[in-house]
Amino acid sequence: MKNEQFLTEEQMDYLTEMMNIGAGNAATALEQLFKCSVDVKVPEVRVVPSTKAVAILDSPSVPYAGVRMDMLGDITGVIFLIMPLEQKKQLMEVIEKSIPFKIKPGELDITVLEEVGNIAAGVYLMALHDFCKLNIVHTVPVLKVDMLQSILDEAVVRESIETQLIIIIKNEFILSKKKVKAAFIIALMPSKEKLNTLLHSIKGATDAIMRR
Amino acid sequence: MGEGVVASEPQIIISEGLGSCVVVALYDTGLRIGGMAHILLPYAYNEKKLGSWKDEKPGISSQIRFMYADSAISSILKEMRRRGVSVQRIVAKMAGGARMFSDYEDSYTSIGERNITGIKYILEWEKIPLIGRDTGGSHGRSVEFYLESGRFVVKAIGMPDKEI
């Protein structure tokens, strides 16, 4: 993967470190949601060309749950949280068991997943803020369950066809007491107008760290 | 995404995970030769400011040729003609162009609908009849195009396969 096309190895390392802090904060937030301790692995961060992004993740027609949010502020574009449908089922089972009142299966899916998307987008964008001085907010999350590529393609075409850049963050959490592995992916698609802002900010932040 | 191919029987062309993208398939029932492209946006020539696809100008690189409806359909027609297909015998089918997130796409900006409108216009201009379509809605689709027979099967999660 030509990460170097956009960012050098050092910049990628630093971006990974930023996203690792984000993942740590996500784990803390998810502990509240799942009511158990959550351990987090260092996320895998990749910068990939847009039309190849789906191929890297999975087969295009596999069912996924995807939460879409727009980014506003210093960086515009779209940010997604996606997970395979099987994963979503496992997580919902954990949550449904931890709720003290009776609910119908599937009743909470939309609310919970949109909230997980909300939390995840928030912590990763906050990491970009803390390290790169970028003020980015995200809009109300919307869930869609369908084939992986069909969830992503409109945003890929709208935002990334010319930038040819998507940041993929693969996260793995372990809900320790439940022995459930939770994995989701964040796909960050900066718009053409703000791509240079993003790249320069990451480069600037890396340079500042290297100088110390 | 953004790929296209021309092939002949007994091959099967498959395209999966269509959201706002549209698959357009062209077929010659006589020679059983067909082409299919996974379209992302309607007009390359407009975007790249190269005039109009109607002028048959070259200039769209092979990397992006099948991403846009106009350059994709022109390329497929050119290749089919090269293989001996008579244009009068060509028919078209298309699928896709959904609006997956209605909160983020209205009917004016929806890429899916722009693709559908663009492809219809281009096919009309090329005088190719559109004999089957499964477009719009808010669900993803996968398509199988059987060149032996011209069968065009559209699949969606939670729905029976649809032949158009």
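Quick one, could you list the DSSP H helices from chain A stretching 30 Å or more along their long axis (Cα atoms) with average Kyte-Doolittle hydropathy of -1.0 or above? Walk me through the numbers on the way to the answer.
Values: long enough: A:9-34 (36 Å, -0.13); A:109-132 (34 Å, 0.92).
TM-like helix candidates: A:9-34, A:109-132.
Could you tell me the ratio Rg/Rh of the range A:76-212? Both radii from Cα atoms, Rh via Kirkwood.
Numbers: Rg = 17.2 Å, Rh = 16.8 Å.
Ratio of gyration radius to Kirkwood radius for the range A:76-212: 1.03.
Per q in 0.11, 0.13, 0.21 1/Å, what log10 I(q)/I(0) does a Debye calculation on the alpha-carbon atoms of the range B:4-163 return?
Summing over Cα pairs of the range B:4-163 leads to -0.40, -0.56, -1.40.
The range A:1-46: which trypsin sites (Lys or Arg not before Pro) are DSSP loop and have at most 11 other beta-carbon atoms within 10 angstrom?
A:LYS2
Roughly how big is chain A's charge dipole about its Cα centre, with Cβ charges of +1 (Lys, Arg) and -1 (Asp, Glu), in debye to the nearest 20?
460 debye
Can you tell me, using C-alpha contacts under 8 Å and at least 6 residues apart, the relative contact order of chain A as a whole percent?
RCO, chain A: 33 percent.
Find which of B:MET67, B:SER15, B:GLY136 sits farthest along the positive direction of the dipole of the range B:4-163, computed with +1 on the beta-carbon of Lys and Arg, -1 on that of Asp and Glu, about the Cα centre.
B:MET67
What is the ratio of the Cα radius of gyration of the protein assembly as shown to 2.2 N^0.38 Å, where N is its residue count, to two decimals?
1.07
Other chains near A:60-70: what is the mean number of their Cβ atoms within 10 Å of each residue's Cβ?
3
Which whole number gives the average, over all residues in A:139-149, of C-beta atoms from other chains lying within 10 Å of the residue C-beta?
Shielding by partners across A:139-149 averages 5.
Using modelled amide H (1.01 Å from N, peptide plane; none on Pro or chain starts), what sits under 5 Å from the amide H of B:GLU3, excluding residues fewer than 5 places away?
Under 5 Å from the amide H of B:GLU3 lie the amide H atoms of B:HIS38, each far enough along the sequence or on another chain.
How many percent of all Cα-Cα pairs in the range A:10-97 sit more than 22 Å apart?
41 percent
With +1 on each Lys and Arg Cβ and -1 on each Asp and Glu Cβ, how big is the dipole of the protein assembly as shown about its Cα centre, in debye rounded to the nearest 20?
Values: 45 positive and 47 negative charges, 98 e Å.
Charge dipole, the protein assembly as shown, about its Cα centre: 480 debye, nearest 20.
Among the lysines, which fall within straight-line cross-link reach of A:LYS181, defined as a Cα-Cα distance under 17 Å, with same-chain neighbours fewer than 8 residues apart omitted?
A:LYS181 reaches A:LYS35, A:LYS41, A:LYS88, A:LYS89, A:LYS97, A:LYS170.
How large is the translational diffusion coefficient of the range A:1-153 in µm² per second when you combine the Kirkwood radius over alpha carbon pairs with Stokes-Einstein at 25 °C and 0.890 mPa s? Mind showing how you got there, number by number?
Values: Rh = 16.7 Å.
The Stokes-Einstein estimate is 147 µm²/s.
Read-outs: derived from the displayed coordinates by stated rules, not from any lab. It should be emphasised that the depicted structure is a prediction, and the values quoted were computed from it without experimental measurement. Here Cβ is always computed from backbone atoms with ideal geometry, including for glycine, and neighbour counts include all displayed protein chains.
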